[in-house]
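Down below is the structure, laid out as structure tokens.
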Amino acid sequence: MTQLTLVIGNKNYSSWSLRAWLALKQFGLPFKEICIPLYTPDYSAKVHQYSPSGKVPVLLHDGLTVWDSLAICEYLAETFPNLPYWPEDKTARTFARSISAEMHSGFQNLRQNMPMNCRTKYPGKGLVSGVQADIDRITSIWRESRQKFGSGGDFLLGNFTIADAMFAPVAIRFVAYDVQLDAASRNYVETVLSLSVMQEWITAAKSETEVLSQYEF
Ligand SMILES: N[C@@H](CCC(=O)N[C@@H](CS)C(=O)NCC(=O)O)C(=O)O
């Protein structure tokens, strides 16, 4: 197999990087990792060596450059059709794609006010106007997905799919900010966080030393 290379940011803060990293790791694809710490003076120059958008994550494979987390996930699904990146059933797949896109394009209030931080706990912080509405929509998506399509396993569509990779950073946020959740959502958060690859990411994040004050309270 041609080498896969994933360019990511700090594991402690870069939620978009986590999504693409999980999509590779959880499906057992070997890849080389290049980490560029975010917002250092030479960050922009370094990341532009790989990414036309100047953002991480970026996947390099077979002479191709794929940037943006969802495009990377779709590229992996297309390139490795034998891996169950999306559910086989069309109805479930359509739902999975829709909620993945909704996560990718939405929830700005939650993303801005409860930035991902694997290292620190900020219980009760960030719950400003608009954030609870994002939390309510996310937990409603999770409940609906589990109820309609989740009978084959503990993830949103039963088995782990791209949809779980897209929502995984939210699980870290909900624990970090001690967000009050219904039982089904709490179970789902536990399922995601107990994945060994999630623990691997969180352990690596905790060993990082860079502190980005804009993501701390
Ligand atoms: N929509 C993009 C968002 C990527 C993104 O915003 N990445 C952040 C790090 S988590 C970044 O590189 N920021 C650098 C910048 O905005 O200059 C994706 O899904 O990959």
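The values are calculated or read from the model by the stated rules, or taken from the named source; none is laboratory data. Remember, predicted model here, so these are calculated numbers, not experimental data. Don't worry about glycine lacking a Cβ; one is built from the backbone with ideal geometry, like all the others, and counts go over all protein chains shown.
Among the residues of the range 152-182, which ones are surrounded by fewer than 19 Cβ atoms within 10 Å (Cβ to Cβ) and touching a strand residue (DSSP E or B) at 6+ places or on another chain (Cβ under 6 Å)?
Gly152, Gly153
Say we look at the range 29-78 and pick out the residues that are hydroxyl-bearing (Ser, Thr, Tyr) and in contact with a Leu (Cβ under 9 Å, 6 or more places away or on another chain); which of these is farthest from Ala165 (Cα to Cα)?
Only one residue tops the list, namely Tyr39.
For Phe107, all conditions in the list (1) more than 15 Å from the chain's Cα centre (by Cα); (2) aromatic (Phe, Trp, Tyr); (3) not assigned by TED's automatic domain parsing to the domain that holds Phe31 hold save one; what is the number of the exception?
(1)
Go through the range 9-35 and give me each residue that's surrounded by fewer than 23 Cβ atoms within 10 Å (Cβ to Cβ) and within 11 Å of the ligand (Cβ to nearest atom).
Selection gives Ser15, Trp16.
Quick check: anything in the range 141-156 touching a Ser or Thr at 6+ places or on another chain (Cβ under 9 Å), in contact (Cβ under 8 Å) with a residue 60 or more places away in the chain and not in a helix (DSSP H, G or I)?
Taking every residue of the range 141-156 in turn, at least one turns out to be touching a Ser or Thr at 6+ places or on another chain (Cβ under 9 Å), in contact (Cβ under 8 Å) with a residue 60 or more places away in the chain and not in a helix (DSSP H, G or I).
Could you tell me which numbered condition Arg111 fails, if it satisfies all but one of (1) closer than 30 Å to Glu210 by Cβ; (2) out of contact with any strand residue (DSSP E or B) (no Cβ under 6 Å at 6 or more places or on another chain); (3) free of Cβ contacts under 8 Å to residues at least 24 places away in the same chain?
(3)
Do you know which of the residues in the range 76-95 that are assigned to a helix (DSSP H, G or I) and surrounded by 20 or more Cβ atoms within 10 Å (Cβ to Cβ) is farthest from the ligand (Cβ to nearest atom)?
Ala92
Please determine whether any residue of the range 56-69 is part of a helix (DSSP H, G or I), crowded, with 16+ Cβ neighbours inside 10 Å and within 11 Å of the ligand (Cβ to nearest atom).
yes
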